[in-house]
1. Would you be able to tell me the number of residues in segment 92-149 that are among the acidic types (Asp, Glu) and in contact (Cβ under 8 Å) with a residue 24 or more places away in the chain?
2. Run residue 167 past the list (1) outside any helix (DSSP H, G or I); (2) of a type outside the set (Val, Ile, Thr); (3) exposed (fewer than 15 other Cβ atoms within 10 Å of the Cβ); (4) assigned by TED's automatic domain parsing to the domain that holds residue 138 and report the number of the one that doesn't hold.
3. Residue 153: of a type in the set (Lys, Arg), surrounded by 15 or more Cβ atoms within 10 Å (Cβ to Cβ) and modelled with pLDDT of 95 or more, yes or no?
4. Could we say that residue 249 is crowded, with 19+ Cβ neighbours inside 10 Å, aromatic (Phe, Trp, Tyr) and either closer than 26 Å to residue 99 by Cα or at pLDDT 85 or above (or both) here?
5. Does segment 243-252 contain any residue that is farther than 30 Å from residue 79 by Cα, among the hydrophobic types (A, V, I, L, M, F, W, C) and not in a helix (DSSP H, G or I)?
6. Please find, among 194, 224, the residue that is outside any strand (DSSP E or B), surrounded by 13 or more Cβ atoms within 10 Å (Cβ to Cβ) and in contact with a strand residue (DSSP E or B) (Cβ under 8 Å, 6 or more places away or on another chain).
7. Mind checking which residues of segment 210-221 are in contact with a Leu (Cβ under 8 Å, 6 or more places away or on another chain) and either loosely packed, with under 14 Cβ neighbours inside 10 Å or assigned to a strand (DSSP E or B) (or both)?
8. Kindly indicate whether any position in segment 71-93 is over 17 Å from residue 13 (Cβ atoms) and surrounded by fewer than 16 Cβ atoms within 10 Å (Cβ to Cβ).
Amino acid sequence: MNRTALQKLLKDRRAQISPESRNLPRPTGRGRRAPGLTQEQVDQLLGYPTRTYQRLESGNYPNPPVDLLRDVAHLYGMSEQEWISLCRYARGEDPPGPLHDTAGDAVPGAWADAVAAVNYPAYVTDASWNLLTCNQAFHALFDSGRAPRNTMRWMLLDGRDQLTNWETAWAPLVMPQLQAALAQRPDDKVLRQIENEVLADPLARPLYEAGGASIHPDGDERPIRHATEGPGWVTMCVAQPLTAPGSRFMMLLFRPGARHPSPNPGMLHAD
């Protein structure tokens, strides 16, 4: 727990909400000069016993439940970044999931310019793997000359002709990504529809049901057939736009021909 940071975050956000905006009276007692809601009013609005919030804001609530933190974050209208900070300050860990159902649906427009400036195939998808933006090098990767609207569906269903050794080199690694995403976003209609299509496919279903533990492709090398450059390998570099949990930025380092050792194997460490 970071008590000082927690106190500042909660006190500042509480001060931004006037009691009148929540149909509550503004206390006028002696010495009451602080703006915003009182700590007692926060308990009242959230339906918690008296002094519950006071314990949280003062840093005297060891390992507070996530449900309490989520209720406070919603009341204060926190952003996803503030939600992450709240959980880190109060519990010493990242939240189990995003604060808002719409998290990961959109990224700042500057990402379009950033992706366009990359020489390698690059793109950004939302939390449902819908393509938000990509560069021309990514379009050129596909037989149709156009990138798919959803990269998860393409990897699991539509792109098998281009994904070399799909059953062994791609599917066992991508299927767990879909399962993990649905565990975190069970109401995602796009991902649920992809799952239904996978389960209806006789080749994909047993691989999906087999499960797996690999859910992050960052640094992976996989075989692929480039539409114009022929067979080769891609190394995946993955990052996440911080304002959109669940979205992802992907850069594919394509090398034609037979697999050969990466020029930068292993992990990078500061000296």
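1. Here the count works out to 4.
2. (1)
3. Working: of a type in the set (Lys, Arg): yes; surrounded by 15 or more Cβ atoms within 10 Å (Cβ to Cβ): yes; modelled with pLDDT of 95 or more: yes.
Yes: the conditions hold for residue 153.
4. yes
5. At the first step, the residues of segment 243-252 found to be farther than 30 Å from residue 79 by Cα are 252.
Add one more test, that the residue is among the hydrophobic types (A, V, I, L, M, F, W, C), and what stays is 252.
Restricting the remaining residues to those that are not in a helix (DSSP H, G or I) gives 252.
Yes, the conditions are met somewhere in segment 243-252.
6. Of the residues listed, the single one that is outside any strand (DSSP E or B), surrounded by 13 or more Cβ atoms within 10 Å (Cβ to Cβ) and in contact with a strand residue (DSSP E or B) (Cβ under 8 Å, 6 or more places away or on another chain) is 194.
7. Listed by number, the list holds a single entry, 214.
8. Yes - at least one qualifying residue is present in segment 71-93.
The values are calculated or read from the model by the stated rules, or taken from the named source; none is laboratory data. What you see is a predicted model, and the numbers here were worked out from it, not measured in a lab. Backbone-built Cβ (ideal geometry, glycine too); neighbour counts: all protein chains shown.
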